[in-house]
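This report concerns only the one structure given below.
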Amino acid sequence: MLGRLNHVAIAVPDLEAAAGAYRDKLGATVSAPLPQPAHGVTVVFVDVENTRIELINPLGENSPIAGFLAKNPAGGIHHLCFEVEDILAARDLLKAAGLRVLGDGEPKIGAHDKPVLFLHPKDLNGTLVELQQA
Ligand code: CO
């Protein structure tokens, strides 16, 4: 069911410092910061050969990653995103397998303008997993 790894999202307390580390120290190609008010984050995309890293920083008062950064003030891996061919079929299979889908279970339009869902981290070894329609 799982397709390619679309991205790894890293919550960071200082977006410019994090982007600078990937750009200047690791030699990666990084995007300009992209505010995504609908998702409560500002994102910098880091392109690597086989996938993408998303550096995410809270935007606005009710950012969904504010709590994560409060618990992990230095930042940390926030979620993995895998592509799936058919997000509704994947959701139904995973629910039948006992995995919990966050929210109301309906896909939302994610950062890449494609439908996404998140799976409960307690069902996957403490890792928040995002599924994105390929
Ligand atoms: Co994501």
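One table, with the values for the structure above:
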quantity: Angle in degrees between helix 87-96 and the longest Cα principal axis of the chain, rounded to the nearest 10; calculated: 60
quantity: Net lengthening on full extension, ALA70/ALA97 (0.36 nm per residue, minus Cα-Cα); calculated: 6.5 nm
quantity: Farthest toward positive dipole pole in segment 5-133 [+1 Lys/Arg, -1 Asp/Glu at C-beta], among PRO107, VAL44, HIS78; calculated: HIS78
quantity: Packing rank of 58-68, 23-33, where each peptide gets the mean count of other beta carbons within 10 Å, highest leading; calculated: 58-68, 23-33
quantity: Cα→Cβ-extended label distance, 7 Å offset, between ARG4 and ASP47, nm; calculated: 1.3
quantity: √(5λ) per eigenvalue of the Cα gyration tensor, segment 1-68, largest first, Å; calculated: 20, 17, 9
quantity: Cα-based Rg and Dmax for the chain, where Dmax is the largest Cα-Cα distance (Å); calculated: 14.8, 46
quantity: Those lysines that a straight Cα-Cα span of less than 19 Å connects to LYS71, excepting residues fewer than 8 apart in one chain; calculated: LYS122
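No lab work stands behind these numbers, since they all come straight from the coordinates. Owing to the predicted nature of the structure, the values given are computational and were not obtained by experimental measurement. With ideal geometry, Cβ positions are generated from the backbone for all residues, glycine too; neighbour counts draw on all protein chains shown.
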